[in-house]
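Asks: Submitted below is the structure of interest, expressed as structure tokens.
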Amino acid sequence: MTEPTMLSKEAVILEESRTQGAAAGSRGTPRGLSPWGSYALRRAGGVVLSVALLVVVTFFMVPLIPGDPAVAVAGADATSEQIEAIRQNLGLNQPLHLQFIQYLGNLVTGNLGESFAYSTSVSTIIATKLPFTAEIAILGILVTLLVSIPAGMAVGIMTRGGRQKWMDVGFGMLTGFFQAVPQYVIATMLVVVFAIVLKVLPAAGAATLSSLILPVVGLSIAPICSISRVVRRETATVLEQDYLRTGRGWRLPALRLYARHALPNLMTTTLTLAGLVLAGMLGGAIIIENVFNWPGLGKEIVTAIINKDYPVIQGIILVLGFLAIILNLLVDVILGIIDPRTLGGGKSHG
Amino acid sequence: MAENHPAKRRFRWTPGLVLGIVLMTAMVLVGLLAPLFLSDAAEKLTANPSQGPGPGHWLGTDDFGRDVLARSLVATRLTLLMTAAATVIAVVGGILIGTFIWLAPPRIRNAVLRVIDAAVAYPSLIFALLIAAILGQGAWSAVLAIAIASIPAFARLTANMAASISQRNYVSTARLLGVPGPRIITRHMLPNMAEPLLVLTATVFATTLIELSSLSFIGLGVQNPEYDFGRLLNESLVNIYSQPLQAVMPSIMITVAGLSAMLIGDGLAAATDPRGGRKFGSVKTASEVPASLRADTQSLVEVNNLTVSTPNGVPLVKGVSLSIHPGEVVGLVGESGSGKSLTAMSIAGLLPEELTVTAHSLRLGELDLRKKNDPRTLATSIGLVYQDPGTSFNPALRIGSQLTEVSRVHLRQSRKAAYGRMVKALADIRITQPETRMGQHPHELSGGMLQRAMIASTLVTDPRLIIADEPTTALDVTVQADVLRQFRTINREMGTAMLFISHDIGVVQALCDKVIVMNGGKILERLTGAQLAAGDVRHPYTKALLAATPSIAERKAELVSVRAEDFTYDEVPDEVPSTAVLSEGKE
């Protein structure tokens, strides 16, 4: 029932997409709406739920801090005036529901509060750090998709029907291995090999363009392995479908058969899964930034957690959460374009 | 293809599983023993800081003169303990949520499921950071953070499994009998999910290990003076230029630990997967057999002593010979597994490559089908119609672009010309609104319409032979008649030869000039359409087929139950002149 070496989350999505593929079209389209219209409506519900979850969870962060949050922020040797000031600042004297309403109001107006540590607004901090995270995350996602899909397809085609057993085994072992190694270990080893032993790339910082290479590679290796495994498995499934036999019956050239007939069909499950893996890369970026001393949100949030700089923590988690939602939404839109059957029965997470 | 083990669910010890267990056992032993013997070397500050590898310290010492190797080994205990704790919390929490929601009212269940879905979409590390921010830094708050962040995914998978089990009969029966909910879970649900849950637990252990050590690595997990693998690697990063070796040992340890957990997960999945253990043979090319001495020069299709066998040598088609004359419709009848489709697909050259095909001759006109032929010639000479129109079209592409593909690729027609011609062809076979259909996707059309579109697409190349593999089986009875009428019209108006495969002798009788009855990979009887219509059959198997089709065999037939194995496979002596040459294949 589970596929080998799949993260449990990926297993969730794979199963969802399988059952939905079987039930595709069974859910009717509401009358008076185009397929895209009802799809958008359904997805909007999911997005609202995800955003609500994000807002609620980040809000409860402060009230849930064990003991008195203000004391925790101020530190052990703070005076009672300092503690009271922080309590005022955090609005902790108000009842919980008023605090929540105020939190909501601030969010709507784009006010994420002030950092305790830097006494600048959280929005400013995010504005200066987000581009760095976006840079490696977007590059990482592109590299991941551009490498994993062709690689997975190539292996899937070459090993179809039990051919080239050695390649199948080798591919499984290689990708399995890199999935088992934590990203920060891969990244550290990249530093040791390329920055220290070979001395060809900078080990840390964001000063030059070449300093992008190691973080992006370190961020992409594990997702490349998990997505290319999925692509390989999906390729094997699609190649056994009737419509591919139809294509072979039409004696289509191999490239046309694989690129035009196989690729769109294996993209459905692949992208559904990839959405999750790619969103996970946002988490990966946090780790990677700490290995390479990359001045992005990930490095910032770790510092903020150590300093108990709660507004900054809330702000960064909100931003990363939003990015994950947008990424999932983007994947769903692409899915709808590639395979219109998806519009019939949407997935409910997001 | 699959080798059936008699003991179906026998546990398979794969090398990966054994290796995983051996490595994990070694890790556990290190975790147990290293702190007993190496604590001193690992934790006592000495006067030899930052030394390179040497006899006293194989991997050197850290900033405080502590032995790097010893620290890496001692750290195993804390790492494994934390991972195990987080895994237990995640698994128990996930199972509780995932099973209990099936006892809750549907409204609550759906609400919980939607929230879980929304949570699963976020990277778990982000949740973990949030929880770490609430609880502060430390080993056990990191354990809680990672465990809680892993619960939604585990709960979702458990809920999916519980969903299918909660609908089974024994669960509904237990509910009707008033068995209390928790008892249903422990008695009925959990035992039936045990295997997949075990596999999942191993996978969760592996991911938890990685995530926990990641938290320590970025400084939010284990704090000084305690240390796990992640913490050691974090400390080594400061000195990575002066002492890169300090990073290597913790890296190896964490890799081995993660790998062994993953190998165990993989191995358990493979061991409990009933589909596992498939074996494929090598692909063999058809052996060259001398051409037949007696080629029927008049026939369009000539098949002489065709055999098809699996990679491990099991024969599926055992010496079939047949011929099709220009303009002739030949029916191939038999139950599924009789080899009729394999015979047809051998002619079409579309058999799976792992099957071995041999024949004295296999010919369409002047084309030797045993060789590799020009794709263009094949595509335009043979038109193919398949059994299930619902799966034979590519679901992701529009009908129009699929139907015109052969014209565009092989006849080199422009998109526009091919489109125009196809619209006309669709209109010719009375498909309504052909322009609209061309722009639609397959799932928007009915099966009958798709099948007629497929038939229309074979006609645009003006093929010499149409092979129809059970083209009406997946259709409604009324649609069947319509599709059959299409075939008859095409044959009458264009004179196209056809090989028509069906398990339904009635369908074949209505359409075919010649009928060949197959079973067990051999031909049992050859008949003309007229003979079949008159009920003039000799082989008991054919008689049984006829008897099973009361509308055609208008005689008062008792329902005869026949198994093909009851007969000797000898073919009935042939009385149809045009095929009389072809019965020399014997075994």
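The values are calculated or read from the model by the stated rules, or taken from the named source; none is laboratory data. Treat the numbers as computed from the prediction; the structure is a model and nothing was measured. Glycine also receives a Cβ, built like all others from the backbone with ideal geometry; neighbour counts cover every protein chain displayed. Ligands, DNA and RNA are stripped out before the accessible areas are found, and what is left, the full protein with its side chains, is counted by its heavy atoms. Shrake-Rupley method; radii C 1.70, N 1.55, O 1.52, S 1.80 Å.
Asks: Which residue is farthest from B:Ser260 (Cα to Cα), if the candidates are limited to the stretch A:174-192 and must be open to solvent by 30 Å² or more (accessible area, probe 1.4 Å) and at the interface with another protein chain (Cβ under 9 Å from one of its Cβ atoms)?
Replies: For the stretch A:174-192, the residue satisfying everything is A:Met189.
Asks: Output the number of the condition that B:Val308 fails; it satisfies all remaining conditions of (1) under 24 Å from the mean Cα position of the chain (by Cα); (2) at negative phi; (3) at pLDDT below 90.
Replies: (3)
Asks: Let me ask another. Among the numbered conditions (1) in a helix (DSSP H, G or I); (2) buried (at least 18 other Cβ atoms within 10 Å of the Cβ), tell me where B:Gln243 comes up short.
Replies: All conditions pass for B:Gln243, except number (1).
Asks: Now for a separate question. I'm trying to understand the selection: among the residues of the stretch A:241-298, which are open to solvent by 10 Å² or more (accessible area, probe 1.4 Å), outside any helix (DSSP H, G or I), on the phi < 0 side of the Ramachandran plot and in contact with an Asp or Glu (Cβ under 9 Å, 6 or more places away or on another chain)?
Replies: Selection gives A:Trp250, A:Leu252, A:Pro295.
Asks: Still on this structure: Restricting the stretch A:75-121 to residues that are in contact with an Asp or Glu (Cβ under 9 Å, 6 or more places away or on another chain) and outside any loop (DSSP other than H, G, I, E, B), which is surrounded by the fewest Cβ atoms within 10 Å (Cβ to Cβ)?
Replies: Out of the qualifying residues, it is A:Asn89.
Asks: Return the pair list, or none, for Cβ contacts closer than 6 Å from residues in the stretch B:234-258 that are more than 8 Å from every other protein chain (Cβ to nearest Cβ) to residues that are assigned to a helix (DSSP H, G or I) and open to solvent by 40 Å² or more (accessible area, probe 1.4 Å), at least 6 apart or on different chains.
Replies: Note: pairs meeting the criteria are B:Val256/B:Leu23.
Table: residues versus (1) in a strand (DSSP E or B); (2) more than 16 Å from A:His261 (Cβ to Cβ); (3) outside the structural domain of B:Ala453 (by TED's automatic domain parsing); (4) open to solvent by 40 Å² or more (accessible area, probe 1.4 Å).
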position	(1), (2), (3), (4)
B:Thr391	no, no, no, yes
B:Leu397	no, no, no, no
B:Val406	no, no, no, no
B:Tyr419	no, yes, no, yes
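Asks: Of the residues A:Gly172, A:Gly162, which single one is at positive phi and not assigned by TED's automatic domain parsing to the domain that holds A:Val62?
Replies: On inspection, the qualifying residue turns out to be A:Gly162.
This table checks each residue for (1) of a type outside the set (Val, Ile, Thr); (2) at positive phi; (3) modelled with pLDDT under 85.
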| site | (1), (2), (3) |
| --- | --- |
| B:Ser502 | yes, no, no |
| B:Ala547 | yes, no, yes |
| B:Lys556 | yes, no, yes |
| B:Val581 | no, no, yes |
| B:Lys586 | yes, no, yes |
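Asks: What strands (runs of 3 or more DSSP E) completely inside the stretch B:440-529 contain at least 1 residues that are buried (at least 22 other Cβ atoms within 10 Å of the Cβ) and not assigned by TED's automatic domain parsing to the domain that holds B:Thr404?
Replies: It comes to none.
Asks: Right, here's the next one. Could you grab me the full set of residues in the stretch B:384-413 that are in contact with a strand residue (DSSP E or B) (Cβ under 6 Å, 6 or more places away or on another chain) and within 9 Å of another protein chain (Cβ to nearest Cβ)?
Replies: Once the filter is applied, which keeps residues that are in contact with a strand residue (DSSP E or B) (Cβ under 6 Å, 6 or more places away or on another chain) and within 9 Å of another protein chain (Cβ to nearest Cβ), the stretch B:384-413 yields B:Leu384, B:Tyr386, B:Gln387.
Asks: Might you check whether a residue that is assigned to a helix (DSSP H, G or I) and within 11 Å of chain A (Cβ to nearest Cβ) occurs anywhere in the stretch B:364-376?
Replies: Looking for residues that are assigned to a helix (DSSP H, G or I) and within 11 Å of chain A (Cβ to nearest Cβ), one finds at least one in the stretch B:364-376, hence yes.
Asks: Looking at A:Ile306, A:Ile301, which one is open to solvent by 60 Å² or more (accessible area, probe 1.4 Å), facing another protein chain (nearest Cβ under 10 Å), part of a helix (DSSP H, G or I) and not charged (D, E, K, R)?
Replies: Result: A:Ile306 is the single residue among A:Ile306, A:Ile301 that is open to solvent by 60 Å² or more (accessible area, probe 1.4 Å), facing another protein chain (nearest Cβ under 10 Å), part of a helix (DSSP H, G or I) and not charged (D, E, K, R).
Asks: What do you reckon, is B:Leu200 under 39 Å from the mean Cα position of the chain (by Cα), at the interface with chain A (Cβ under 7 Å from one of its Cβ atoms), in contact (Cβ under 8 Å) with a residue 24 or more places away in the chain and assigned to a helix (DSSP H, G or I)?
Replies: yes
Asks: Which numbered condition trips up B:Leu125, out of (1) over 24 Å from B:Gln167 (Cβ atoms); (2) open to solvent by less than 10 Å² (accessible area, probe 1.4 Å); (3) touching a residue at least 24 places away in the same chain (Cβ under 8 Å)?
Replies: (2)
Asks: Further question: Is there a residue in the stretch A:313-320 that is closer than 13 Å to A:Ala134 by Cα, facing chain B (nearest Cβ under 8 Å), in a helix (DSSP H, G or I) and open to solvent by less than 10 Å² (accessible area, probe 1.4 Å)?
Replies: Yes, because at least one residue in the stretch A:313-320 is closer than 13 Å to A:Ala134 by Cα, facing chain B (nearest Cβ under 8 Å), in a helix (DSSP H, G or I) and open to solvent by less than 10 Å² (accessible area, probe 1.4 Å).
Asks: Scan the stretch A:78-105 residue by residue and report those that are of a type in the set (Asp, Glu) and free of Cβ contacts under 8 Å to residues at least 12 places away in the same chain.
Replies: Passing the criteria: only A:Glu81.
Asks: Separate question: From (1) at the interface with chain A (Cβ under 9 Å from one of its Cβ atoms); (2) under 23 Å from B:Leu268 (Cα atoms); (3) without any contact (Cβ under 8 Å) to a residue 24 or more places away in the chain, pick out the condition that doesn't hold for B:His188.
Replies: The failed condition is (1).
Asks: While we're here: Quick one: which residue in B:Ser260, B:Ser346 is outside any loop (DSSP other than H, G, I, E, B), closer than 30 Å to B:Gly20 by Cα, hydroxyl-bearing (Ser, Thr, Tyr) and modelled with pLDDT of 85 or more?
Replies: The unique qualifying residue is B:Ser260.
Asks: Across the stretch B:359-379, what is the total count of residues that are in contact (Cβ under 8 Å) with a residue 40 or more places away in the chain and open to solvent by 30 Å² or more (accessible area, probe 1.4 Å)?
Replies: 3
Asks: Specify which of the listed residues (A:Thr128, A:Thr58) is under 18 Å from A:Ile317 (Cβ atoms) and either of a type in the set (Asp, Glu) or surrounded by 15 or more Cβ atoms within 10 Å (Cβ to Cβ) (or both).
Replies: Unique residue meeting the criteria: A:Thr58.
Asks: So which residues in the stretch B:36-62 are open to solvent by less than 80 Å² (accessible area, probe 1.4 Å), more than 14 Å from B:Leu245 (Cβ to Cβ) and in a loop (DSSP other than H, G, I, E, B)?
Replies: B:Thr46, B:Asn48, B:Pro49, B:Gly56, listed by residue number.
Asks: Look through the stretch B:132-153, keep the residues that are surrounded by fewer than 24 Cβ atoms within 10 Å (Cβ to Cβ), assigned to a helix (DSSP H, G or I) and not aliphatic (A, V, I, L, M), and return whichever of them is farthest from the other protein chains (Cβ to nearest Cβ).
Replies: In this case the residue turns out to be B:Trp140.
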